[in-house]
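Taken together, the values in this text are just the output of simple stated rules run on the coordinates, not laboratory data. Quick caveat, the model's predicted, so the values are computed rather than measured. Because the Cβ atoms are built from the backbone with ideal geometry, glycine has one as well, and the counts that use them run over all protein chains shown.
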Amino acid sequence: MTLQNISIKTNDLHCHFGALHAVDGISFEVPAGTIFGFLGPNGAGKTTTIRLLLGLLEASSGSAEVLGFDTRTQADQIRLNCGALLEHTGLYERLSAEDNLDLFGRIWHIPPVERQQRIQSLLEKMGLYERRKELINGWSRGMKQKLAVVRTLMHDPKLVFLDEPTAGLDPVAAASLRDDLADLARQHGVTVFLTTHNMAEAEKICDQVAVISKGKLLSVGSPDELRLRQGTHALIVVGRGFNEEIMQALRAMPDVAGVELQDHHLVVHFTRETDSGTLVQFLAGKGVMIDEVRKGKASLEEAFLALLEEKE
């Protein structure tokens with residue numbers, strides 16, 4: 001991957017606060033135009049990493065480049081070319097949506113005509129244009145969060161850092177914001193660096209994810225890759241005629257790690273990759289009516305938790 005196709009590159013990046021290793025030797029790359037999920041429990045080092053990448057903190061050792069700029073010596077250039085939504089929205093509650101964005105457009109020295117065009121375009125994309133004249137102190141949290149994302153995009157950045165952007169939002173508002181973020185990356189080529197606790201959210205919109213815990217990077221890859229690395233070998237059998245006798249017989253079979261009956265399907269966990277034919281033959285011989293057999297796949301949340309348990 002060429003440097004032009006990489007938005008972020010870190011190499012053995014460390015950040016220590018006394019005895020606390022907040023970021024402990026992490027190395028990863030973020031391809032341009034992707035949504036990159038940075039996942040980890042509270043205190044894992046996610047926000048510290050963002051501050052290092054924006055040049056707001058100085059690394060103890062190691063290096064990082066953002067959009068080709070060195071975080072130690074070119075932090076101003078990084079911040080000029082990036083947008084960031086961290087702990088606070090940065091909005092002024094007593095101003096309208098339009099006036100909030102106009103203010104930030106002026107701060108970025110965007111010419112008046114271009115500024116108004118950009119405000120209209122972004123608000124329309126986020127479904128907020130019809131309410132642009134309203135004071136935002138009466139808006140819902142979800143609408144304010146959407147406007148805060150728009151604020152980060154006013155100067156047309158190539159890369160946006162979003163720290164828990166859907167935290168505290170109701171499911172409808174969170175889903176709407178996720179769709180908007182996906183559109184930014186897919187249609188407009190913006191790279192999104194996203195921290196979240198919501199594994200389902202990361203699974204839906206992230207092209208790649210990294211898992212961090214206690215400052216250490218545990219894994220990097222696509223959601224599918226992480227699921228496959230951590231997933232159990234399981235077969236799911238949909239059908240009728242399951243009973244306790246059959247389940248006990250299955251538990252006694254070689255390489256079977258566990259058996260669960262869930263609604264109208266049976267989940268059989270194996271210690272290794274197993275051909276479904278043997279299982280189907282066994283169940284059919286017991287009189288089970290089989291409708292479907294498919295391989296089980298761990299969710300991203302299960303893979304995430306398994307990674308954390310491994311490193312304890």
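A few points about this structure:
- Mean-square fluctuations from a GNM of the chain, with a 10 angstrom spring cutoff on Cα atoms, peak among Gly241, Gly68, Gly105 at Gly241.
- Most mobile of Thr278, Thr73, Thr47 in a GNM of the chain (Cα contacts under 10 Å): Thr278
- Nearest 10 degrees, 0 to 90: helix 112-125 Cα axis against the chain principal axis: 20 degrees
- A Förster radius of 35 Å combined with the Cβ-Cβ distance from Asn5 to Ser96 puts the calculated FRET efficiency at roughly 0.35.
- Helix 276-285 axis, angle to the chain major axis (alpha carbon atoms, nearest 10°): 40 degrees
- Among Ile50, Ile35, the order by Cβ neighbours within 10 angstrom, fewest to most, reads Ile50, Ile35.
- In this label model, Leu305 and Ser61 are separated by 3.7 nm, measuring between points 7 Å along each Cα→Cβ vector.
- In nm, spacing of pseudo-spin labels at Thr278 and Leu20 (7 Å Cα→C-beta vector): 5.1 nm
- Ellipticity estimate at 222 nm from DSSP helix runs (n ≥ 4, -39,500 (n - 2.57)) divided over the chain, nearest 500: -11000 deg cm²/dmol
- Arranged from fewest to most other beta-carbon atoms within 10 Å of their beta carbon, His16, His88 become His88, His16.
- His188-Glu164 FRET efficiency (beta carbon distance; Förster radius 30 Å; 0.05 resolution): 0.85
- Counting every other Cβ atom within 10 Å of each residue's Cβ, Phe242, Phe193 order from fewest to most as Phe242, Phe193.
- Springs join every pair of Cα atoms under 10 Å in this Gaussian network model of the chain, and among Ile212, Ile26, Ile246 the largest mean-square fluctuation is at Ile246.
- Hydrodynamic analysis of the range 232-296 uses the Kirkwood radius over alpha carbon pairs. Inserted into Stokes-Einstein at 20 °C and 1.002 mPa s, it gives a translational diffusion coefficient of 186 µm²/s.
- Degrees separating the helix 97-107 axis from the principal Cα axis of the chain, which is the longest one: 60 degrees
- Relative protection proxy for 218-227, 147-156, from highest mean packing down: 147-156, 218-227 (other beta-carbon atoms within 10 angstrom).
- For Met253 and Glu134, the difference between the fully extended length at 0.36 nm per residue and the C-alpha to C-alpha distance is 36.2 nm.
- Cross-link reach is defined here as a Cα-Cα straight distance under 21 Å, omitting same-chain residues fewer than 8 places apart; for Lys158 the lysines meeting it are Lys9, Lys46, Lys125, Lys146.
- Full extension of the chain between Asp224 and Gln77 gives 49.5 nm of extra length, using 0.36 nm per residue less the Cα-Cα distance.
- Globularity index of the range 3-228, i.e. its alpha-carbon radius of gyration over 2.2 N^0.38 Å: 1.01
- Annotation for Asp180 and Trp108: the two label points, set 7 Å from Cα along the Cα-Cβ direction, are 1.5 nm apart.
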